[in-house]
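The structure under discussion appears below in the form of structure tokens.
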Amino acid sequence: MARPLASLRSRVFAATAVVAVVPLAAAVLFVTGRVAQEAEAELTRGLEEAARLVGQYHRTLIQTATERASLIADLPKLKAAVATGDPPTVEQVAREYRTSVRSDLFAVMDREGRALAALGAPAAGWPASGKAAYSVEDGRLLETVSVPIVLGEQSPELLGHLTLGVALDDAFATRLNALTGSHVAVVRAGRVFASTLPRELDAALVAQAGERSLDVAGEDYAATRATLGDVAGAPQVLVLRSRAEALRPLRTLRDALGIAAVVAVAVSLLLSWALARTVTRPLAALTDAMKEIAATGNLGRSLGPGRAWDDEDARVVARTFGTLTDSIARFQREASLRERLSALGRLSTVVAHEVRNPLMIIKGSLRALRREGAAPEEVREAAADIDTQVVRLDHVVGDVLDFARPLRIEPSSVDLPAVARDAAHAALEGASEVGARFAFDPAATRLVTDGERLRAALVNLVANARESLEAAREPGAAAGHASVEIGSRALEAGRVLVWVEDAGKGVAIADQPHLFEPYFTTKRTGTGLGLAITRKNIEALGGTVRLDSRPGAGTRVEIELPAAPPDTSAAENR
């Protein structure tokens, strides 16, 4: 399994991506964190300011009510009405003044504390004090202020008291909401008397009245409190703001930063990938070429000129490698030529040996033909010997010419099973006890190659397999049927594996390294060029050939070929 950071390209890309992404992510997290802190602090400051406004509004309201009550209590008309002690007379005057001061409660009492008029609440005894007081009337929380009604200045006579009251109800809470921009709830003695939130949430407000963070109907509220007045039993006003609403601009900013960060990361990754490609593309082409050369042995692989924006150092390495491979390929061609010239010297010895013996047999047969009175049987036998030795000489000359002449490759679309069957038929003709079996991969049946060169190589390999099977049969053993297996299999990178396998006597381990050398043979007769010619043909087709043999168990020869035609220019110059 390939490692994720095994290649230079992935490492350069990962490094540049980390350099681009990590600072950006850290900056986004830092900014959003600081903005969240500032938003929370601003929410707290806003609540404190709202609580201050509530207290200021309440003080102004009570102060205004006290001043109005003092002014009205000093009016002669009210004093005259109170002096009569007649409730209807006082109530008529009270109605006029209540309309002018817009008070929720307007009450007048005589000096004994009896109610002469009570508008806005049932008749009751109101405290005769200038300080604010609180009471609950008909479910409403009222805050009242009372002033005395006196007659005379030098020796004032107390006529009664005037009480004005303010209802701390939902209307009062609505005014505070408009003033502070916050939800408001008035709480006293564990009861909610006014609220700008739905009244079904009163129980939750009372239960968490002492908390700075309230969970009301699944919504999170930040809260603070303001006490209305400094007397015992004064109610508290809860000032609440929804964190979701207060932090909505933060979410908008966070979303905008997130989108900007995603776009910036995408651009950074794209630029990182482009940078990695400019640095590693020439090296990647170099690596691919080295892999192909290692797999095929073809040094004619070209890297191309590269691109203008590729890294210059990497391009220098790639060009140097191309020059190196060209030099090695030229050296190989020169070495191959020297090897063939050297082989000509060895060839003379082999040809002299292989030609001398047939010539001696032919010479002896000709003497028999010249002898007078030779029997017809002797003539036929001498002619057969001459024919056999001529065929042998022709085979020797053909092998030498095949090995020495340059190859010309003519690629075309080839049906591999048909070529293999034709080669097996030619190599096994006349061998009644040796057959062939085939195992072709359906994905490896078509090649673009020189079919005749491939057929010649397969004929040679199948013929060797036949001879190995025949040699493995013990003298005097019962006749049996042996077979040579020819098969194919598709490989990666557009290559095909073809094999020829037998279960014959095999090849000695010491002889295996020399089997493809020219003029090396383990047979009593032969030029030793068969496998050398086979390797030459396969390499000209852009392939490789290898042999694996186990003495006494059999031999397997594998040919690896490209599915597409190789560059044949090098082969033609060999």
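The values are calculated or read from the model by the stated rules, or taken from the named source; none is laboratory data. Model, not experiment: these values are computed from the prediction. Cβ sites come from the backbone with ideal geometry, for glycine too, and all protein chains shown count toward neighbours. Calculation scope for accessible area: heavy atoms of the full protein, side chains included, ligands and nucleic acids excluded. Shrake-Rupley method; radii C 1.70, N 1.55, O 1.52, S 1.80 Å.
A few comments on the model shown:
- ³J(HN,Hα), Karplus 6.51/-1.76/1.60, whole Hz, each residue of segment 228-240, x for Gly, Pro: 8, x, 10, 9, 5, x, 5, x, 10, 10, 8, 9, 10
- A simple spin-label model places pseudo-atoms 7 Å from Cα toward Cβ; at residue 25 and residue 335 they are separated by 5.2 nm.
- Rounded accessible area of residue 363 (nearest 10 Å², 1.4 Å probe): 100 Å²
- Amide hydrogen neighbours beyond the local backbone of residue 491, cut-off 5 Å, H modeled: 496, 497
- About its Cα centre, the dipole of segment 19-97 is roughly 100 debye, where the only charges are +1 on Lys and Arg Cβ and -1 on Asp and Glu Cβ.
- Cα radius of gyration and Dmax for segment 48-160 (Å): 14.8, 51
- Heavy atoms of residue 193 accessible to a 1.4 Å probe, total area in Å² rounded to 10: 20 Å²
- Relative protection proxy for 408-421, 158-171, 496-509, 33-46, from highest mean packing down: 158-171, 496-509, 408-421, 33-46 (other beta-carbon atoms within 10 angstrom).
- Residue 514 - accessible surface, heavy atoms, 1.4 Å probe, Å² rounded to 10: 70 Å²
- Across segment 66-78, rounded Karplus estimates of 3J(HN,Hα) from the backbone phi angles (6.51 cos²θ - 1.76 cosθ + 1.60, θ = phi - 60°) give 5, 5, 5, 4, 5, 5, 5, 5, 9, 7, x, 4, 5 Hz, Gly and Pro being marked x.
- Cβ crowding within 10 Å averaged over residues, with 64-72, 325-333 ranked highest first: 64-72, 325-333
- Expressed as a whole percent, the accessible area of segment 80-125 that falls on carbon and sulfur atoms is 48 (1.4 Å probe).
- Leading residue at positive end of dipole, segment 152-208 (Cβ point charges), from 168, 183, 158: 183
- Taking every protein chain into account, the accessible area of segment 16-82 amounts to 56 square angstrom per residue (probe 1.4 Å).
- Partners of residue 77 within straight-line reach, counting aspartates and glutamates whose Cα lies under 19 Å from its Cα and excluding those fewer than 8 residues away in the same chain: 67, 86, 91, 96, 110, 153, 157.
- Gain in span if fully extended, residue 150 to residue 267, counting 0.36 nm per residue against the direct Cα distance: 33.6 nm
- Virtual spin-label span in nm between residue 217 and residue 492, 7 Å along Cα→Cβ: 6.4 nm
- Taken along the Cα-to-beta-carbon direction at a fixed 7 Å, the label points for residue 288 and residue 34 span 4.7 nm.
- Per the Debye calculation on segment 406-447 with a single equal scatterer at every Cα and no solvent contribution, log₁₀ I(q)/I(0) for q = 0.19, 0.25 Å⁻¹ amounts to -0.71, -0.90.
- The slack between residue 390 and residue 445, meaning 0.36 nm per residue of separation minus the straight C-alpha distance, is 15.9 nm.
- Accessible area per residue, Å², segment 416-477 with all protein chains present, probe 1.4 Å: 48 Å²
- Computed 3J(HN,Hα) for segment 440-453, one whole-Hz value per residue from the Karplus formula 6.51 cos²θ - 1.76 cosθ + 1.60 where θ = phi - 60°, is 9, 6, x, 7, 9, 10, 10, 10, 10, 7, 8, x, 5, 5, glycine and proline marked x.
- Peptides ranked, highest mean first, by Cβ atoms within 10 Å: ranges 536-547, 225-236: 536-547, 225-236
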